[in-house]
1. For B:Met43, indicate whether it is closer than 21 Å to B:Ile226 by Cβ and more than 9 Å from every other protein chain (Cβ to nearest Cβ).
2. So which residues in region B:173-210 are closer than 19 Å to B:Phe8 by Cβ and either open to solvent by less than 10 Å² (accessible area, probe 1.4 Å) or in contact with a His (Cβ under 8 Å, 6 or more places away or on another chain) (or both), if there are any at all?
3. With the requirement that a residue be crowded, with 24+ Cβ neighbours inside 10 Å, of a type in the set (Gly, Ala, Ser) and part of a loop (DSSP other than H, G, I, E, B), what does region A:129-172 give you?
4. For B:Trp95, all conditions in the list (1) within 7 Å of chain A (Cβ to nearest Cβ); (2) out of contact with any Gly (no Cβ under 8 Å at 6 or more places or on another chain) hold save one; what is the number of the exception?
5. Which condition does B:Leu80 not pass, out of (1) buried (at least 24 other Cβ atoms within 10 Å of the Cβ); (2) out of contact with any Cys (no Cβ under 8 Å at 6 or more places or on another chain); (3) farther than 15 Å from B:Met6 by Cβ, if it passes all the others?
6. Go through region B:326-343 and report how many residues are open to solvent by 20 Å² or more (accessible area, probe 1.4 Å), hydrophobic (A, V, I, L, M, F, W, C) and under 25 Å from B:Arg264 (Cα atoms).
7. Going by what's in this entry, would A:His108 be described as modelled with pLDDT under 95, within 12 Å of chain B (Cβ to nearest Cβ) and part of a loop (DSSP other than H, G, I, E, B)?
8. Is it the case that B:Arg28 is assigned to a helix (DSSP H, G or I), more than 10 Å from every other protein chain (Cβ to nearest Cβ) and either over 27 Å from the mean Cα position of the chain (by Cα) or at pLDDT 95 or above (or both)?
Protein chains: 2
Amino acid sequence: MARIVMKFGGTSVADLDRIRNVAARVKREVDAGNEVAVVVSAMAGTTNQLVKWCQELSLLHDAREYDTVVATGEQVTIGLLAIALQTIGVDARSWQGWQIPIRTDDAHGKARVEEIDGQVLIGRMAMGQVPVVAGFQGVGPDNRVTTLGRGGSDLSAVAIAAAVKADRCDIYTDVDGIYTTDPRIVPRARKLPAVAYEEMLELASVGAKVLQTRSVELAMKQRVRIQVLSSFEDKPGEPLPGSLVVDEDEIVEQPLVTGVAYSRDEAKVTLRRVPDKPGIAALVFGPLSAANVNVDMIVQNLGADGTTDMTFTVGKADLPRARDVLEKFRPEINFEAMVTDPEVAKISIVGIGMRSHAGVAATMFKALAEKGINIQVISTSEIKTSVLVGAEYTELAVRALHSAYGLDAEG
Amino acid sequence: MARIVMKFGGTSVADLDRIRNVAARVKREVDAGNEVAVVVSAMAGTTNQLVKWCQELSLLHDAREYDTVVATGEQVTIGLLAIALQTIGVDARSWQGWQIPIRTDDAHGKARVEEIDGQVLIGRMAMGQVPVVAGFQGVGPDNRVTTLGRGGSDLSAVAIAAAVKADRCDIYTDVDGIYTTDPRIVPRARKLPAVAYEEMLELASVGAKVLQTRSVELAMKQRVRIQVLSSFEDKPGEPLPGSLVVDEDEIVEQPLVTGVAYSRDEAKVTLRRVPDKPGIAALVFGPLSAANVNVDMIVQNLGADGTTDMTFTVGKADLPRARDVLEKFRPEINFEAMVTDPEVAKISIVGIGMRSHAGVAATMFKALAEKGINIQVISTSEIKTSVLVGAEYTELAVRALHSAYGLDAEG
């Protein structure tokens, strides 16, 4: 017997038939002798409609009223799923955020979960009842409904799993697990049986958007074991195992490189012939930070004449703002020219095995060189090495690295 | 300065444009120096969709989950209206039933309001803020969302008006007031400046469905002054006065007959040659009551041979059930034949003036006789006289009575 939190996203509960399917799947876990709580999102499309109404009334709408409106989507789903479960003989009841309560701060629209007392839910589960909890929502210090931001239902599920001390948090989604890379680019990509929290964070932040980043951070902090699996491919009697996201100690076989990720969301900025003097980096990056422009990769090439070329990347959407800020501060920074290029891609290899093994990156550089791919910028962290290449090389680079690190499936 | 509760139904908030219109109307009351609270229904069509989903999942759905689902409609409207009000400079905030709280019993789907502490709302209104309250919903003793039944938003508005000691509860609807009769039948029907609670109850229960009956009962009990007015015909600067529903003491000029109502929702049942003995009425009406069949008008004609003909009316929808029950108890009741007729209409004259004046009904019988309309059953109460006639005479009878009591508008 295990205690499991099952989370279903919007496409999994998009209509009554799918809600019935979800109910059937929950019943299988209950029939197998498990204690189960369920967390659900709004029916697909609902939240977008509600957000649109708020925006049409006012682009500067009150975030507290926005939360009141958009939180209704999940409220509908929990009632319908509870009915669907009862209809097939499973004792179930719905829980809104304020009823548990899921206490959050008052940052409406992107609230942070502060406290969940799991005792009531644990008691219900022990009685054989399935709590059906509204994802994405909580209640703020002033007793108003809050929402946790987009993808917040993953966060709700992990937080509930921590509160009820669940053995596992199963996140049902439209992919059946976490792959070594994007299968649309590499058909021989393999589903990973398990990845470490840290790896998942790096994979998510560079484009493998299976789980909301904050939910992985919370899972890591609270040591909640996550399983990612498909809500569509499973058939009664033959559940497909998904991918576990767990503490690295649980992962027996740690490959050097777990996966290859990519992102086309960045743009490159180069400032030519900046005076090479102390404090110049602060002069460049201070104003960008003040303007809420996130800077990612940074490289600096020293010239012989006391100047330097500074290259860095920013989010593609932030590029116009970054240009404006830098032009405004041009007199202080004193660069000779600014060159920007949105046609770049960031390719990353990720793996906790890199911590203890040197020379992992050398394989990367060699593999890219063999394909004639020029590396524009390099950045590294403890478990990740990223390179910036021309956008047109994205697929070629991903495939080359996937093969070079022995990640291709056999056959 | 007055303290006013304004209530808007589903068609008045059916889309964003209408919500903006409602906001503008609220602003006019605020700008006139009044303290205002607003009660709103779900956007037209929303509740029906939510109800349909519950029914499709199970006809025997858990009423607590049903309430969780259908209460979301009002929650969307309060958030959107609060945003619309803020956008035009009116300080506003939304209130769900559990936040005030509006405490009800646990009769989910048709809960009864038990207690509303108006102090918080009164405090907000005194600060110049407009509370926007979700109609139709409350919170039960076990902290679960309850709904008050169809038309429950009227009830919410009256209950809130009582709790905040409002000077008036303005119910905006798709008609502009209460008429002496249905204007579709009598074009010269007049809008009544004021009707007494008791009259409104009789008018509502016989077909003038402007206000939910329970809300009028509550208004009468709590002495809440209601105004019924149109949400569509009003133009800035020239508000159309609606009809007041108030204590009869407030009505200066009390006509003998205030209005003529009709209902086509009843069917006639006659049991022929029933033994005329004590307890026979209990034998007939006991089983009907046990089967939840409401009996309305009753008349008994004594025969010379120790038998009697019993005639009564039941709701048209209940007729098949009534027939089944009576056939089942035929041996005990011992009637010779049962004759039923759904092609009947109940025509009623209503007026508190009837209390103190005899002979009012005589005018009715004479007017109908002059038109050759046969009266099948008569029933009277303190402020109402009803007759049952053939359904094909409905319009003719209503017009004849409207003229006979001098209710036709001049011109």
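1. On the way: closer than 21 Å to B:Ile226 by Cβ: no; more than 9 Å from every other protein chain (Cβ to nearest Cβ): yes.
In short, no.
2. Initially, region B:173-210 is screened for residues closer than 19 Å to B:Phe8 by Cβ, giving B:173-178, B:209-210.
If the condition is that a residue be closer than 19 Å to B:Phe8 by Cβ and either open to solvent by less than 10 Å² (accessible area, probe 1.4 Å) or in contact with a His (Cβ under 8 Å, 6 or more places away or on another chain) (or both), then B:Gly177, B:Ile178 are the ones that fit.
3. The answer is A:Gly135, A:Ala166.
4. (1)
5. (2)
6. First, the residues of region B:326-343 that are open to solvent by 20 Å² or more (accessible area, probe 1.4 Å): B:327-332, B:334, B:336-343.
This time we only want the ones that are hydrophobic (A, V, I, L, M, F, W, C), so: B:329, B:337-339.
Going one step further and asking which of them are under 25 Å from B:Arg264 (Cα atoms), we end up with B:337-339.
Within region B:326-343, residues that are open to solvent by 20 Å² or more (accessible area, probe 1.4 Å), hydrophobic (A, V, I, L, M, F, W, C) and under 25 Å from B:Arg264 (Cα atoms) number 3.
7. On the way: modelled with pLDDT under 95: no; within 12 Å of chain B (Cβ to nearest Cβ): yes; part of a loop (DSSP other than H, G, I, E, B): yes.
So A:His108 does not fit the description; no.
8. When the stated conditions are applied, B:Arg28 passes them.
The values are calculated or read from the model by the stated rules, or taken from the named source; none is laboratory data. Just so you know, these numbers come straight off a predicted model, no measurement behind them. Heads up, the Cβs are rebuilt from the backbone with ideal geometry, glycines too, and the neighbour counts pull from every protein chain shown. We work out accessible area using only protein heavy atoms, side chains counted, and drop any ligands, DNA or RNA first. Shrake-Rupley method; radii C 1.70, N 1.55, O 1.52, S 1.80 Å.
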